[in-house]
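Report on the following structure.
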Amino acid sequence: MAMADMRPPIESGCPDGFQYMHPTMRRNFGLWKYHEDPKPGVLRHVAESGEEIFTVKVGTQRILDVFSLRELTSIGDEFADGYIRFTIRSNIEYYVTDESKVDPLIEAVEKLGYVVGGTKNSVTSLSHTQGWLHCDIPGTDASGVVKSMMDELIDDFKSWNMPNRVHITTSCCQINCGGQGDIAINVQHTKPPKIDHSQVANVCERPSVVARCPVAAIRPAMVDGMPSLEVDEKKCICCGACFPPCPPMMINDAEHSKLAVWVGGNHSNARGKPTFQKLVASAIPNNPPRWPEAAGIVKLILKCYKEDARDWERVGEWVERIGWPRFFELTGLPFTKYHIDNWRGARASLNASTHIRF
Amino acid sequence: MAAKKIYETPMLDELESGPWPSFITGIKALRDNHDNQFIADVTSSLLGQLEHSYETRKGYWKGGTVSVFGYGGGVIPRFSEVADAFPESKEFHTMRIQPTPGNYYTTDMLNKLGDSWEKYGSGLQTFHGQTGNIMFIGTTTDGTQKFFDDINDYGWDMGGAGPCVRTAMSCVGAARCEMSNCNEHAAQRWLVNNFTDDVHRPALPYKFKFKISGCPNDCQNAIERADFAVIGTWRDDMRVDQAEFKNYVEAKGRQYIIDNVITRCPTQALGLNDDNTIAVDNRNCVRCMHCINVMPKALRPGTDKGVTILIGGKRTLKIGDLMGTVVVPFRKLDTREDYEEMVELAEEIIDFWAENGLEHERCGEMIERIGLVNFLEGIDVEVDPNMVSSTRQSSYVRMDGWDDEAIKWFERKAEA
């Protein structure tokens with residue numbers, strides 16, 4: 001087709017959400033008064049006007065086929081006036097104004113194999129990335145990890161068991177698209193990239209690959225008479241940042257790309273300022289299809305948190321209160337030299353006091 | 001209709017058991033039951049390649065260059081490196097489409113999008129990717145243009161990919177949350193739709209993200225994940241319904257309220273009175289939201305609402321994770337002028353960063369490199385003590401401009 005025949009795009013950008021919003025929500029926009037939690041997975045919001053709306057939160061597989069999508073929309077048509085929303089963690093929220101439709105909706109959606117929950121002090125659905133299914137740089141899968149993990153944590157999704165809400169995230173490379181979580185399961189590479197020198201000059205913009213390295217471990221080199229790159233393996237931190245701009249820098253390895261577990265990431269400003277997650281366990285095998293070792297560590301941490309944390313404490317606040325020595329004592333996880341930070345600002349994470357727990 | 005070729009998937013089959021919904025079961029349904037031959041074949045091949053990834057613990061997609069006419073970004077090109085073994089999914093590109101603020105849909109619209117995707121793609125989609133886009137996963141190069149032309153006609157536009165302004169995100173917001181302190185929908189659309197050219201034609205140092213949360217609970221993870229985070233807040237007193245507060249005390253007991261509300265206030269701004277009412281030191285409240293979260297019927301944000309803007313949040317690459325930090329402590333967001341001023345600030349920031357950021361350097365990393373004060377001078381914003389957790393600890397700084405700066409401070413205070 002000639003360029004002149006091509007259809008120019010309509011640059012409409014982000015669409016107006018009000019056209020897709022439940023009329024009760026449109027009418028009471030900015031005028032909600034309070035909410036209650038009638039039961040797990042259900043919220044009841046009451047507006048200044050006295051109008052109310054029920055939210056039913058449903059966990060999904062996130063990678064949705066159109067058949068499943070239509071099942072979920074038909075539930076919305078039957079019980080929720082045809083209006084829904086997705087949360088940041090890919091749960092569906094149905095909006096119901098008629099209280100008598102809440103239980104039938106739950107029954108119908110559960111009959112189709114979906115799970116209601118994820119509100120208040122539960123373990124809500126994992127946020128995750130694309131993984132082997134569709135990413136170009138993944139060290140592991142994403143949807144499969146979530147499926148395996150949520151199969152194990154289903155009771156904690158469906159009930160209010162936890163001291164406070166628990167957000168779990170996964171990331172399938174060390175760029176960490178998955179974000180901060182109370183518990184995060186992230187890829188951790190343990191060996192420098194293997195370089196396919198025959199390809200570097202063809203596919204990589206070498207100066208930008210050199211610039212991408214966080215520790216300046218990459219330099220241009222001639223290998224077998226061809227321009228390529230070399231890695232100072234003593235400096236290399238195995239982050240894989242060179243791999244996206246230069247696929248011949250092969251960082252992913254069936255054996256040496258491991259998983260690490262981090263805790264204490266929290267976006268909320270409630271009680272304390274937002275916090276970053278901290279390393280607790282590494283060298284966990286990347287073991288599809290169900291990643292039992294990673295799931296075991298997550299369940300262990302959740303068990304200790306559930307038993308020992310106070311109401312409203314997020315995982316990070318709990319560890320902060322009881323101290324890291326107690327965390328390693330309670331979980332039985334090993335404390336190693338790798339837990340001590342050496343990145344910029346690392347001294348701020350050392351204990352410059354005599355505050356010691358015995 | 002079934003796929004022409006079925007690949008064995010013993011490992012993936014294990015992901016069909018258990019109580020959580022299975023994406024493998026869903027993909028198999030497309031393979032076995034979809035009446036579009038392309039969908040049946042491409043999903044079958046996808047399962048074959050994914051099984052191969054599970055067996056070998058490696059990914060087999062590579063990027064490339066695919067875009068729709070008139071745009072430079074928004075398609076995530078994927079070409080299979082193992083197309084010889086799994087030829088039907090040789091091309092499997094993702095379309096990033098911008099959702100509404102807060103991700104609202106009618107079921108009719110979702111079905112319509114599903115219909116379009118069935119016509120031109122694999123029938124697989126995700127609501128939503130980590131940046132916030134609807135991800136329509138899996139089509140050919142030819143299919144990207146056809147699908148985009150189709151849905152663009154009824155109101156959907158491409159999101160960002162590459163070094164550009166990215167698709168923005170907002171929380172559920174004022175539409176259904178009593179904690180909301182701003183119109184998240186308007187804020188998102190004012191901001192990101194001012195930069196549609198920068199969304200569609202990547203030409204910035206790296207990605208730039210806007211995220212909006214209606215209150216400091218920050219359900220949208222804006223502070224940690226957005227270059228430009230807008231957080232709803234208020235500056236008058238929080239609203240207290242003492243009768244409802246007493247109801248909580250009666251229901252839960254004084255000890256519970258002391259342990260879970262009063263002593264959990266980060267600035268010790270709360271007290272429990274002898275008559276079971278609450279005392280609030282609003283001057284020292286930092287709007288953390290905790291007490292309001294515990295007792296939403298008794299406590300509410302105030303009515304003089306607005307936003308705090310924090311700049312520079314991002315994830316790990318390249319210098320480590322950074323939180324956004326305060327650049328605008330408080331700003332009203334009511335009138336057209338208020339929104340225009342916020343957009344102007346965003347323009348200033350993006351322009352300055354485009355001029356001064358290094359290749360692949362996020363805005364927060366640039367600020368880390370040049371220092372907050374140089375950044376503030378670059379975008380013409382005055383310093384404010386709300387921008388710091390503490391003042392300087394190092395005496396190694398040249399301070400011969402002190403008197404002038406002190407005069408400026410008193411002048412600004414006099415104007416306020």
Can you tell me how many residues within the stretch A:4-37 are part of a loop (DSSP other than H, G, I, E, B), assigned by TED's automatic domain parsing to the domain that holds residue A:81 and more than 20 Å from residue B:108 (Cα to Cα)?
4
Return the pair list, or none, for Cβ contacts closer than 9 Å from residues in the stretch A:224-246 that are within 14 Å of chain B (Cβ to nearest Cβ) to residues that are charged (D, E, K, R) and loosely packed, with under 13 Cβ neighbours inside 10 Å, at least 6 apart or on different chains.
A:245/A:205; A:246/A:205
Could you say whether any residue in the stretch B:152-164 is assigned to a helix (DSSP H, G or I), surrounded by fewer than 24 Cβ atoms within 10 Å (Cβ to Cβ), out of contact with any Lys or Arg (no Cβ under 7 Å at 6 or more places or on another chain) and modelled with pLDDT of 95 or more?
yes
Answer yes if at least one residue in the stretch B:185-199 is part of a loop (DSSP other than H, G, I, E, B) and under 25 Å from residue B:353 (Cβ atoms), and no otherwise.
no
Index of the failed condition, residue B:35 passing every other in (1) at the interface with chain A (Cβ under 7 Å from one of its Cβ atoms); (2) out of contact with any Ser or Thr (no Cβ under 9 Å at 6 or more places or on another chain):
(1)
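Filtering the stretch A:103-141 down to residues that are polar (S, T, N, Q) and assigned to a loop (DSSP other than H, G, I, E, B), which residue is surrounded by the most Cβ atoms within 10 Å (Cβ to Cβ)?
Step one: list which residues in the stretch A:103-141 are polar (S, T, N, Q), which gives A:119, A:121-122, A:124-125, A:127, A:129-130, A:140.
Now drop any that are not assigned to a loop (DSSP other than H, G, I, E, B), which leaves A:119, A:121-122, A:124-125, A:129-130, A:140.
On the way: A:119: 22, A:121: 18, A:122: 23, A:124: 24, A:125: 28, A:129: 28, A:130: 27, A:140: 31.
Of everything passing the filter in the stretch A:103-141, A:140 is surrounded by the most Cβ atoms within 10 Å (Cβ to Cβ).
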Which ones in the stretch B:204-223 are in contact with an Asp or Glu (Cβ under 7 Å, 6 or more places away or on another chain) and not in a loop (DSSP other than H, G, I, E, B)?
B:208, B:212
Hey, among the residues in the stretch A:152-169 that are more than 11 Å from chain B (Cβ to nearest Cβ) and surrounded by 23 or more Cβ atoms within 10 Å (Cβ to Cβ), which one's nearest to residue A:313 (Cα to Cα)?
A:166
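Name every residue in the stretch A:102-114 that is in contact with a helix residue (DSSP H, G or I) (Cβ under 6 Å, 6 or more places away or on another chain) and either of a type in the set (Val, Ile, Thr) or touching a residue at least 40 places away in the same chain (Cβ under 8 Å) (or both), in order of residue number. Explain how you work it out, then say what you get.
So the first thing to find is which residues in the stretch A:102-114 are in contact with a helix residue (DSSP H, G or I) (Cβ under 6 Å, 6 or more places away or on another chain), and the list is A:105, A:108-109, A:112.
A:105, A:109, A:112, listed by residue number.
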List the pairs whose first member sits in the stretch A:317-329 and is over 13 Å from residue A:356 (Cβ atoms), whose second member is of a type in the set (A, V, I, L, M), and whose Cβ atoms are under 6 Å apart, counting only residues at least 6 apart or on separate chains?
A:318/A:309; A:327/A:319
Counting residues that are in contact (Cβ under 8 Å) with a residue 12 or more places away in the chain and of a type in the set (Phe, Trp, Tyr), which strands (runs of 3 or more DSSP E) fully inside the stretch B:272-344 reach at least 2?
none
Got a sec? Which of B:26, B:74 is in the same structural domain as residue B:152 (by TED's automatic domain parsing), crowded, with 21+ Cβ neighbours inside 10 Å, at pLDDT below 95 and in contact with a strand residue (DSSP E or B) (Cβ under 9 Å, 6 or more places away or on another chain)?
B:74
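Of the residues A:50, A:41, A:76, A:17, only one is over 23 Å from residue A:90 (Cβ atoms) and either loosely packed, with under 15 Cβ neighbours inside 10 Å or modelled with pLDDT of 95 or more (or both); which? Full working, then the answer.
Working: A:41 fails: over 23 Å from residue A:90 (Cβ atoms); A:76 fails: over 23 Å from residue A:90 (Cβ atoms); A:17 fails: over 23 Å from residue A:90 (Cβ atoms).
It is A:50.
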Name every residue in the stretch A:94-150 that is among the hydrophobic types (A, V, I, L, M, F, W, C), within 21 Å of residue A:46 (Cβ to Cβ) and in contact with a Phe, Trp or Tyr (Cβ under 8 Å, 6 or more places away or on another chain), in order of residue number.
A:96, A:102, A:105
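Mind counting the residues in the stretch B:137-164 that are farther than 17 Å from residue B:104 by Cβ and touching a His at 6+ places or on another chain (Cβ under 9 Å)?
Within the stretch B:137-164, the subset farther than 17 Å from residue B:104 by Cβ is B:137-150, B:152-153, B:158, B:160-164.
Still in the list and also touching a His at 6+ places or on another chain (Cβ under 9 Å): B:137-141, B:143-144, B:158, B:160, B:163-164.
Residues meeting the conditions: 11.
Name every residue in the stretch A:163-176 that is under 8 Å from the mean Cα position of the chain (by Cα) and part of a loop (DSSP other than H, G, I, E, B), in order of residue number. Steps first, please.
Just the residues of the stretch A:163-176 that are under 8 Å from the mean Cα position of the chain (by Cα), to begin with: A:167-171.
Passing the criteria: only A:167.
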Pull out all pairs, ordered by first then second residue, where Cβ-Cβ is under 6 Å, the residues are six or more apart or on different chains, the first lies in the stretch A:80-95 and is more than 8 Å from chain B (Cβ to nearest Cβ) and over 10 Å from residue A:57 (Cα atoms), and the second is among the small types (Gly, Ala, Ser) and assigned to a strand (DSSP E or B).
A:89/A:127
I'd like the full set of residues that are more than 32 Å from the chain's Cα centre (by Cα), more than 13 Å from chain A (Cβ to nearest Cβ) and touching a residue at least 12 places away in the same chain (Cβ under 8 Å), limited to the stretch B:223-271.
B:242, B:246, B:249, B:250, B:254
If you go through the stretch B:134-151 one residue at a time, do you hit one that is crowded, with 21+ Cβ neighbours inside 10 Å, assigned to a loop (DSSP other than H, G, I, E, B) and on the phi > 0 side of the Ramachandran plot?
no
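Residues checked against (1) at pLDDT below 95; (2) of a type outside the set (Gly, Ala, Ser); (3) outside any strand (DSSP E or B); (4) surrounded by fewer than 20 Cβ atoms within 10 Å (Cβ to Cβ):
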{"site": "A:273", "(1), (2), (3), (4)": "no, yes, yes, yes"}
{"site": "A:282", "(1), (2), (3), (4)": "no, no, no, yes"}
{"site": "A:288", "(1), (2), (3), (4)": "no, yes, yes, no"}
{"site": "A:301", "(1), (2), (3), (4)": "no, yes, yes, no"}
{"site": "A:313", "(1), (2), (3), (4)": "no, yes, yes, no"}
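Within the group B:53, B:22, B:17, which residue is facing chain A (nearest Cβ under 9 Å), more than 30 Å from residue A:10 (Cα to Cα) and touching a Gly at 6+ places or on another chain (Cβ under 7 Å)?
B:53 is the lone residue from the list that is facing chain A (nearest Cβ under 9 Å), more than 30 Å from residue A:10 (Cα to Cα) and touching a Gly at 6+ places or on another chain (Cβ under 7 Å).
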Regarding residue B:298, is this residue closer than 18 Å to residue B:237 by Cβ, within 14 Å of chain A (Cβ to nearest Cβ) and among the hydrophobic types (A, V, I, L, M, F, W, C)?
yes
All but one of (1) within 20 Å of residue A:19 (Cα to Cα); (2) free of Cβ contacts under 8 Å to residues at least 12 places away in the same chain hold for residue B:130; which doesn't?
(1)
Flagged in the stretch B:97-125 as within 8 Å of chain A (Cβ to nearest Cβ) and within 16 Å of the chain's Cα centre (by Cα), in numbering order, are B:98, B:99, B:100, B:101, B:102, B:103, B:104
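Just checking: which of the helices (runs of 4 or more DSSP H) contained wholly in the stretch B:345-416 hold 3 or more residues that are over 33 Å from the mean Cα position of the chain (by Cα) and either among the polar types (S, T, N, Q) or assigned by TED's automatic domain parsing to the domain that holds residue B:325 (or both)?
Values: elements: B:363-370, B:372-379, B:402-415.
Per the criteria, B:402-415.
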Condition check for residue A:348: of a type in the set (A, V, I, L, M), at pLDDT below 95 and either buried (at least 20 other Cβ atoms within 10 Å of the Cβ) or more than 20 Å from the chain's Cα centre (by Cα) (or both):
yes
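The values are calculated or read from the model by the stated rules, or taken from the named source; none is laboratory data. In this text the structure is predicted, and so the values were computed from the model without any measurement. As a convention, Cβ positions derive from the backbone with ideal geometry for all residues, glycine included, and neighbour counts pool all protein chains shown.
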